[in-house]
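What follows is a single structure, written as structure tokens, with notes after it.
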Amino acid sequence: MKPIHSDLTHRSGSEPQRRVELDVLGMMVVVSLVFFHTGQIFIGGDFYVTNEPPSIAAMIFLAFVSSWAMPLMFLIAGMAIHYSLLKRSVKEFLAERLRRLIVPFVTGMLIVIPPQAYYWLKSDPMYDQGFFQFYPRFFNVRFAVNFPLFLEGAPPDELFGISYLYFLIYLFAFSVILLPLFTYLHGHSGAGLLERLSFFTRKGAVYLLALPIAATEVALKTESPGVWNRYVWIFYILYGFLIAGDGNLEQALQRHRKSAFVLGIVTFMIYFAGIGVAVEFFHVDPWTAYSPVGIFVRFVKGSTSWCWVVAIMGTATSISRNRQRRIRAESAQAAKHQLSKPSLLARVAAYGKGAQLPFYVLHQLPIVLIGFYVVKWQVPALLKYVVISLGSLAGTLLLYDIGVRRTPVTRFLFGMKSKKKR
């Protein structure tokens, strides 16, 4: 395995080339969360506006998406950290982390999460308190041993919660914790350690990287929010950093993408069946029990997650590299035309690059607001799902495009770069 600092030009000269496929993939994952969180309504999710009769199809869909969506987001975030540290000092990196993660986290906690909690309470017909009476109650908090936020809702209401914004606060905390290691790996002194990791580029060895993930889930148990133990994200961030810095490891993902798809399908079937067996036959909670079946379910969960991440990231890398080969194979005139007229992929990536973070912060608000009214319709659940998910997707895009991206203040509040820096 080449040292991280030696692989900076494996794509284009001395400056690292923008990874278009990561921008597109990141936006696709964030968009998928609209459909994922809409599905929560149909299994009686406790932060949502209704308790529809649980749907088996929804359970399978949600279990599948949860096995790879957030892991993939943290992996991509780890790759972004690598590229960020190529052009920033440690001080600049920390300032960028504060602006890009903590500022939108605070914004979301102040204006995005409280309305969702309020509408959750309003799903009870007996609840008649106004929003402005509710709002200060939401921030009734107390200190708690709850790294990295150290706050929780205080009695009697216990309304405060960070919900899906955990991604921002966890990513910030773990980025800071791992920063000494990242800077060490970026230097020449980290070459020896990286050389030992070359083992994972051998055939089949990349799957061994699932072991720390699975072991963490087994030992520390699943927790909410996120349907994962928070310390799993350390490994995904670190893996993303290493993949971005070493072409050989990235190529290993590409080579294993097909086998990873097969293993992902098989392990997911075992995982979902294991949940059913644990609940129906052993009457244990597979997420927290240290019984054999609980340990087995969580171990398979960590394994299937890594398989799907390898499959998806390996496929994205393969598509990107094939595209680069086609461009290089064109004549000089065709290549010039390619550069003068950005492809659809490049245009989507340019839009998605800026939209990812605000879209993530905003996306669940339309789901809760639209869902509050649509679930009352006397129509099939599938039609409700389609209306809520597509309406929420359109609503989130409108909120972003009209309410966030057009002014410097809103861009700053949602972690976007100023237009001059784009």
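Data overview
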{"read-out": "Calculated from backbone phi, Karplus (6.51, -1.76, 1.60) coupling profile of the range 195-201 in Hz, x at Gly/Pro", "value": "4, 5, 7, 4, 4, 6, 8"}
{"read-out": "Residue order, fewest to most surrounding Cβ atoms within 10 angstrom, among M59, M126", "value": "M126, M59"}
{"read-out": "Point-charge dipole on Cβ atoms (K/R +1, D/E -1) for the range 4-421, about Cα centre, debye to 20", "value": "1980 debye"}
{"read-out": "Between helix 166-186 and the chain: long-axis angle, C-alpha atoms, 0 to 90°, nearest 10", "value": "20 degrees"}
{"read-out": "Residue-averaged 222 nm ellipticity for the chain, from DSSP H runs of 4+ at -39500 (n - 2.57), nearest 500", "value": "-21500 deg cm²/dmol"}
{"read-out": "Residues E96 and L390, FRET efficiency given R0 of 41 Å [Cβ-Cβ distance, rounded to 0.05]", "value": "0.75"}
{"read-out": "Förster radius 30 Å - calculated FRET efficiency between A350 and N146, Cβ distance, rounded to 0.05", "value": "0.20"}
{"read-out": "Fewest-first sequence of K301, K419, K384 by Cβ atoms within 10 Å of each Cβ", "value": "K419, K384, K301"}
{"read-out": "Sorted by Cβ neighbour density within 10 Å, fewest at the top, the residues R298, R411, R202", "value": "R202, R411, R298"}
{"read-out": "In degrees, nearest ten, helix 210-220 long axis to first principal axis of the chain (Cα)", "value": "30 degrees"}
{"read-out": "Relative counts (whole %) of C-alpha pair distances in the range 20-110, using bins that are 10 Å wide", "value": "14, 32, 31, 16, 6, 0"}
{"read-out": "Cα-based radius of gyration of the range 376-422 once divided by 2.2 N^0.38 Å, which approximates compact folds", "value": "1.68"}
{"read-out": "Rounded tilt (10° steps) of 56-66 against the dominant C-alpha axis of the chain", "value": "40 degrees"}
{"read-out": "Scattering profile of the range 160-310 at q = 0.08, 0.11 Å⁻¹ [log10 I(q)/I(0), Debye over alpha-carbon scatterers]", "value": "-0.27, -0.50"}
{"read-out": "A154 versus N248: modelled label distance in nm, points set 7 Å from Cα along the beta carbon direction", "value": "5.6 nm"}
{"read-out": "Three semi-axes of the equivalent ellipsoid, the chain, Cα gyration tensor, whole Å, largest first", "value": "35, 27, 22"}
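Values quoted throughout were computed directly from the atomic coordinates according to the rules given, and no laboratory measurement underlies them. Predicted model only: the values in this text are computed from it and were never measured. Don't worry about glycine lacking a Cβ; one is built from the backbone with ideal geometry, like all the others, and counts go over all protein chains shown.
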